[in-house]
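Below is one structure, written out as structure tokens, with a few remarks after it.
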Amino acid sequence: MDALNTLIASTGIVHFTVGQVVMMLVGFLLLYLAIARGFEPLLLLPIGFGAILTNIPLAGMGEPGGLLYMIYEVGIGTGIFPLLIFMGVGAMTDFSALIANPRMLLLGAAAQFGIFATLFGAIALNWVPGLSFTLKEASAIAIIGGADGPTAIFLASKLAPDLLGAIAVAAYSYMALVPIIQPPIMKALTSKAEREIQMSQLRSVGKREKVLFPLMLVLLTILLLPTAAPLIGMFCLGNLMREAGVVERLSKTAQNELINIVTIFLGLAVGSRLSADKFLTTQTLGILVLGAIAFAIGTATGVLMAKLMSKLSKQPINPLIGAAGVSAVPMAARVVNKVGLQANPHNFLLMHAMGPNVAGVIGSAVAAGILLALVG
Amino acid sequence: MDALNTLIASTGIVHFTVGQVVMMLVGFLLLYLAIARGFEPLLLLPIGFGAILTNIPLAGMGEPGGLLYMIYEVGIGTGIFPLLIFMGVGAMTDFSALIANPRMLLLGAAAQFGIFATLFGAIALNWVPGLSFTLKEASAIAIIGGADGPTAIFLASKLAPDLLGAIAVAAYSYMALVPIIQPPIMKALTSKAEREIQMSQLRSVGKREKVLFPLMLVLLTILLLPTAAPLIGMFCLGNLMREAGVVERLSKTAQNELINIVTIFLGLAVGSRLSADKFLTTQTLGILVLGAIAFAIGTATGVLMAKLMSKLSKQPINPLIGAAGVSAVPMAARVVNKVGLQANPHNFLLMHAMGPNVAGVIGSAVAAGILLALVG
Amino acid sequence: MDALNTLIASTGIVHFTVGQVVMMLVGFLLLYLAIARGFEPLLLLPIGFGAILTNIPLAGMGEPGGLLYMIYEVGIGTGIFPLLIFMGVGAMTDFSALIANPRMLLLGAAAQFGIFATLFGAIALNWVPGLSFTLKEASAIAIIGGADGPTAIFLASKLAPDLLGAIAVAAYSYMALVPIIQPPIMKALTSKAEREIQMSQLRSVGKREKVLFPLMLVLLTILLLPTAAPLIGMFCLGNLMREAGVVERLSKTAQNELINIVTIFLGLAVGSRLSADKFLTTQTLGILVLGAIAFAIGTATGVLMAKLMSKLSKQPINPLIGAAGVSAVPMAARVVNKVGLQANPHNFLLMHAMGPNVAGVIGSAVAAGILLALVG
Amino acid sequence: MVSDLLLESATLMLIGMVSVFTFLLLLVLLMTIMSRVLRRYSPVKVAEKSSKTDTVSNGLSPAVVAAISAAVHQYRQQHK
Amino acid sequence: MVSDLLLESATLMLIGMVSVFTFLLLLVLLMTIMSRVLRRYSPVKVAEKSSKTDTVSNGLSPAVVAAISAAVHQYRQQHK
Amino acid sequence: MVSDLLLESATLMLIGMVSVFTFLLLLVLLMTIMSRVLRRYSPVKVAEKSSKTDTVSNGLSPAVVAAISAAVHQYRQQHK
Ligand code: NA
Ligand code: NA
Ligand code: NA
């Protein structure tokens, strides 16, 4: 009967801790959000599943020797996975709208105020008893305001690996919540007249401009901000493969099979950081609150910047497109389009919002580089 | 003329051992079976080629620093490859037939008797002079009766890495031989009248049931059998990606490019274990004999269980479908269909056999978890 | 203002060395050649981009812990990437033309004189003050004459890792320059009458011959040249998967997604060896000169061998096809076709040149094996 | 020695088979409950979804179907 | 302690935002210059290329298009 | 020193080229034998297989071909 005892001792039931049960519920919640609600399912489904697997008692899948542990160490500990995702995103991104109207980059810049204000806020939270963030942790949390998953994971893996799970979950959750978070802020900061502004059609963009854009961006990064070079470099490599026209098979693979494989593994690895001891802390609560604030501030400063540009510019600019500056591609641009249509049924802002939207990706990668340079 | 001597000394001919020649012939035999006979070619072709490459004198491809050695260590030593294959298989598996008729799971349970009886038999073989199996080795061998390649490789890599080559080859070979091994047993244990039984059409299954099934399965595994969590967990992740409907690109990649890449590497790595010193032993003979017995017993107990259920059930059950409980998806189900058609040309059992067939996959993963818990 | 100083100190501008600037320009030059001139873009684009990334001051992407460093160590340091590329090339190669006319292999043999003559020449260059090559380095350089990228990278990674960047760049550049390098040599060594020779149509080749060819090739390699077994073995595995007809999904993956993924990484890893300290040496100049010579000699001996065969053979042989023996698939065969058409507008040599062309791949892999055996 | 192992493996066989059956019986139970609950609360949806699956399973990608209908439509326009 | 950190993070906020704006403003500048230069030296090409891109972006693979035109052509041949 | 190396590399050149030729000549021999043996025992199959390959090599996937024939067939039905 020894064997029977061994078997019973090896069932999960008798070993569950409360924390593991709670984290497993968190995992199932993420699966629910991903599948039933369509919240960023490509990431939240594997993250949720990874959270479940890593909290199984005795299985040790998130501990040394376990599958999830190995995936984490190889892919996120080294920074490789977020960089490959960024390469794939670069290969998927069409910069035409931004090249046609480069000033949209300023909206992407303004929206990063969400990041830096949140960094300040996180440090201020140290006054709250029980909460304590170092400058590195605060920076890693603040990057949630960049509304860019791979950038957040890359920075968190460098500055605050222990918070990575909560930060990634917050980032992707809020990116999925953009349609709920942004519209009230957008409407509060703009008048109906402003929201009705129609913008003039974008000029067409030539192939050469598209090829030179990633090269120029990487060059500027090299000169001014080498700490952002891995992120922006891989992003530009992907975009160059897309636009060069001579390596289509590499570009296709980067934006399909390769990014899909990495996404599955990245999700599982992030999920493996959702263990009870790392996630069930007061810090996580702080992260969730700060993340939402960061999103809101970024949206607001984006819209305010667009209002300013609208006043100064000869060309008509609809201030709504400033909200797309947080990135969250392409969700934020779609939200802009929707809110624009509510004000004026003939006002299609989608293409105009794509410019600030992709500018937001660059902006948050730049912000990540600055944080790495100053805090890392 | 020094250089000439060096060159001659570096030819393969002068360094061949008898064992290497024999193992290379084994490799060519596997290639023949794969290509000319269509025996599980996806695995046996790379395994056979790996066997040839690993036995080349002086090349050292299976020794530290060699390509095959590295692939083995990274992919099988860690258990990652069989788990990724299992994820892909999960993404390819449609559980409709099983969800429509959950009692089919009992056939998948009964067929696992092949595993446990063979474990007993392997230990009994210790009385044969020259044969000696520990409990771990016996368990790894017995899993051949599970008729499931990745499960066998996963368990063997944990319990008896030295026997892995022979076990994997036996498992895939017998899976390919299912059309030869099973029919006589199926006919011996059933009457013509039983084989003629037509089964009622399966009800259609909703999307929600399909989504909840992998979640329920992983939950049960977590509660009762955490040692099976890696295998069943990755299997359920694959199936969830398939059925969720929101991550189709991940599901497609898991069941195509990712599983293909891993299959090539897994085959080469398994082949690298077919070196003379590991394969040309009396143990290998024992493994081949025991594997065949395990398959036969599993088939028999599956059929007998189906006979029992046929007697007790109000709904008609054709006992032949019990043979599909060994898994060997979809070969075993096809054999059931064929034998059924021989008895009654209007009796299409394929869909009905898919239930026990996929139940067999779950059953042998559960059995592997039990063996890991008790023997590992 | 500390933070400002930190930020300024972390910009790239203030840390650039002259060498890094030069190497970055080399990177941009490679990108220009790849994109605007279509020079082997699949490789030169990622190599050029890798060269840029690795020379960014402070970013350390090519140093321990950096992305490019890790990719290099995992993929090239171990030899895995070139071998996987070779497997993919094998899966893409149709040997029909060679099987229909096996004597074409002699052209692939003759063209390897480019390799061995260059090895001698590299050693002779030791008399030039400032240049110094060991036998290993000379061999790694000489393989450029093989006109085969993965073979060159594989050999260089074993014999002279420090020269790998320059060797790979030279190999791919000269492969792209085949349409410029070869025609003058081809015309100088042949009369117009010879160039006008039309060849008889090739016989059709059966499936069995195609399946047996890679097996025979690997067997011969095993017996005579085990040091070439990794290269030729993986090549033959790819070709066997292609021709076996039973593992089409593995073959498709090997010649598409897998080779694409590996190509991106291989290119980046090679680019990471284009750092100033490794590339800006007098040796690089020697490598570039020797590489061009190796190509020219290989082309010449290929053509001369074809002339000899043309004289001895009963079947008409156009000596131009000898030039395709250097490999550089399929560029060299196309050049042969073009030069042939110039002499005789009805003379389509493409199919006839494919035989020597793929023979050249085998020939240079054999030469690499010989160099590994004698010098490695 | 061998008989000790044999006894142990016999125990393994017994406990193993009982465990496998227990596990899968529990799964049968759970699945039956799930199906009943689901069908009670959403009986219509099942049929809808399955018909949708059928349409997809004919193996033609939407792009191909779209292309063909466009081509045939265009042809029809030009030749009536 | 906290106030030191707060001061530091306020500085970070200031320098960070200034840097982000500087970086992106420089990018705006570079892009504007690039576009002007390119359009001065190759004004025609732009239009050509963009129309080419449009054709590709309808999402049909050339094989499918070729297949359909072949099918329709063949049909037309057989039925005129 | 250099002359020693030169001698060594000259030897390498000689042995290398002889080896390359030996290897590839043996391969020529093996291939010729193989082809003769195969053609003696299965002369018909060769032609069959090659024609099969031709059909496949037009680059259209069976799904596309099936879709088009279905579309054209349907069109023909509706318009006769
Ligand atoms: Na952003
Ligand atoms: Na099974
Ligand atoms: Na060559």
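For chain C, modelled as a GNM whose springs connect Cα atoms under 10 angstrom apart, the maximal fluctuation among C:Ala51, C:Ala193, C:Ala147 occurs at C:Ala193.
Rounded to the nearest 100 Å², what's the accessible area chains B and D bury against each other, both chains counted, probe 1.4 Å? Kindly include the intermediate steps, with their values, before the conclusion.
Numbers: alone 16580 and 7700 Å², together 20780 Å².
Interface between B and D: roughly 3500 Å².
Proximity of backbone amide H atoms, modeled 1.01 Å from N, is registered between C:Arg273 and no other residue at under 5 Å, excluding neighbours fewer than 5 places apart on the same chain. In nanometres and ascending order, the distances from the C:Leu341 label point to those of the other copies are 5.2, 5.2 (point 7 Å from Cα along Cα→Cβ). All Cα-Cα separations within the range C:238-376 were binned at 5 Å from zero, giving a P(r) of 2, 9, 11, 14, 17, 16, 14, 10, 6, 2, 0, 0, each value a whole percent of the pairs.
Distances between equivalent label points of D:Thr32 across the copies, with each point positioned 7 Å along Cα→Cβ, amount to 7.6, 7.6 nm, shortest listed first. Against chain B, whose longest principal axis comes from its Cα atoms, helix B:113-124 is set at around 40 degrees. Relative to the longest principal axis of the Cα atoms of chain C, helix C:41-54 runs at roughly 20 degrees.
The Cα-based radius of gyration and maximum Cα-Cα distance (Dmax) for the protein assembly as shown are 33.1, 96 Å. Springs between Cα atoms under 10 Å define the GNM used for chain A, and in it the highest mean-square fluctuation of A:Val21, A:Val339, A:Val361 occurs at A:Val21. Across the cross-link table entries A:Lys187/A:Lys307; A:Lys210/A:Lys338; C:Lys311/C:Lys338; A:Lys192/A:Lys311, which are compared at the Cα atoms, the separations over 18 Å belong to A:Lys210/A:Lys338; C:Lys311/C:Lys338.
Report the percentage of all Cα-Cα pairs in the range B:1-116 whose separation exceeds 22 Å, rounded to a whole percent.
Considering the range B:1-116, 60 percent of its Cα-Cα pairs are separated by more than 22 Å.
Between copies, the label points of C:Ser191, set 7 Å from Cα on the Cα→Cβ line, lie 9.3, 9.3 nm apart, reported in increasing order to one decimal in nanometres.
Could you run the Debye sum over the Cα atoms of chain A, one equal point scatterer each and no solvent, and tell me log10 of I(q)/I(0) at q = 0.13 Å⁻¹, two decimals? Treating every Cα as an identical point scatterer, log10 I(q)/I(0) equals -1.02.
Mind checking the per residue accessible area of the range F:1-41 for me, 1.4 Å probe, whole number of Å²? Don't skip to the answer; put the middle values down first.
Values: 2370 Å² over 41 residues.
Per residue, the range F:1-41 has 58 Å² of solvent-accessible surface.
Over chain C, accessible surface divided per residue gives 31 Å², non-protein components excluded, 1.4 Å probe. Against the main long axis of the alpha-carbon atoms of chain B, helix B:207-224 sits at an angle near 60°.
Note on the protein assembly as shown: with neighbouring protein chains present and a 1.4 Å probe, carbon and sulfur make up 65 percent of its accessible heavy-atom surface.
Computed 3J(HN,Hα) for the range C:190-198, one whole-Hz value per residue from the Karplus formula 6.51 cos²θ - 1.76 cosθ + 1.60 where θ = phi - 60°, is 10, 8, 4, 4, 5, 5, 8, 4, 8, glycine and proline marked x.
Between C:Phe16, C:Phe279, C:Phe86, the GNM of chain C built on Cα springs shorter than 10 angstrom shows C:Phe16 fluctuating the most.
Please give every one of the aspartates and glutamates within straight-line cross-link reach of C:Lys136, meaning a C-alpha to C-alpha distance under 20 Å, and leave out same-chain neighbours fewer than 8 residues apart. By straight Cα distance, C:Lys136 reaches B:Asp2, C:Asp148, C:Asp162, C:Asp277, F:Asp4, F:Glu8.
Evaluating kT/(6 pi eta Rh) at 25 °C and 0.890 mPa s, with the Kirkwood radius of the range A:329-376 over Cα pairs in the Stokes-Einstein relation, gives 205 µm² s⁻¹. Farthest towards the positive end of the charge dipole of the protein assembly as shown, among the residues B:Gly149, A:Leu349, E:Val20, is the Cα of A:Leu349, using unit charges on the Cβ of Lys, Arg, Asp and Glu. Each chain gives up part of its surface: C and A jointly bury about 3100 Å² of accessible area, both sides summed, for a 1.4 Å probe.
Measuring with a 1.4 angstrom probe and ignoring ligands and nucleic acids, B:His352 comes out at about 20 Å² accessible.
The alpha-carbon atoms of the range F:1-41 define a convex hull whose volume equals 26 cubic angstrom per residue.
Scanning chain A for the beta carbon that comes closest to the axis linking it by rotation to C yields A:Glu257, 3, distance in whole angstrom.
Before we go on, tell me the buried accessible area for the E/F pair, both chains summed, 1.4 Å probe, in Å² to the nearest 100. Write out the running numbers ahead of the final one.
Details: alone 7650 and 7680 Å², together 14770 Å².
So the total buried area for this chain pair works out to about 600 Å².
Just need the relative contact order of chain B here, percent rounded to a whole number, with Cα pairs under 8 Å and 6+ apart. That works out to 30 percent.
The values are calculated or read from the model by the stated rules, or taken from the named source; none is laboratory data. This structure is a prediction, so every number in the text was calculated from the model and none was measured. Note that we place each Cβ from the backbone using ideal geometry, even for glycine, and neighbour counts take in every protein chain shown. Heads up: the accessible areas ignore ligands, DNA and RNA and are worked out on the full protein's heavy atoms, side chains in. Shrake-Rupley method; radii C 1.70, N 1.55, O 1.52, S 1.80 Å.
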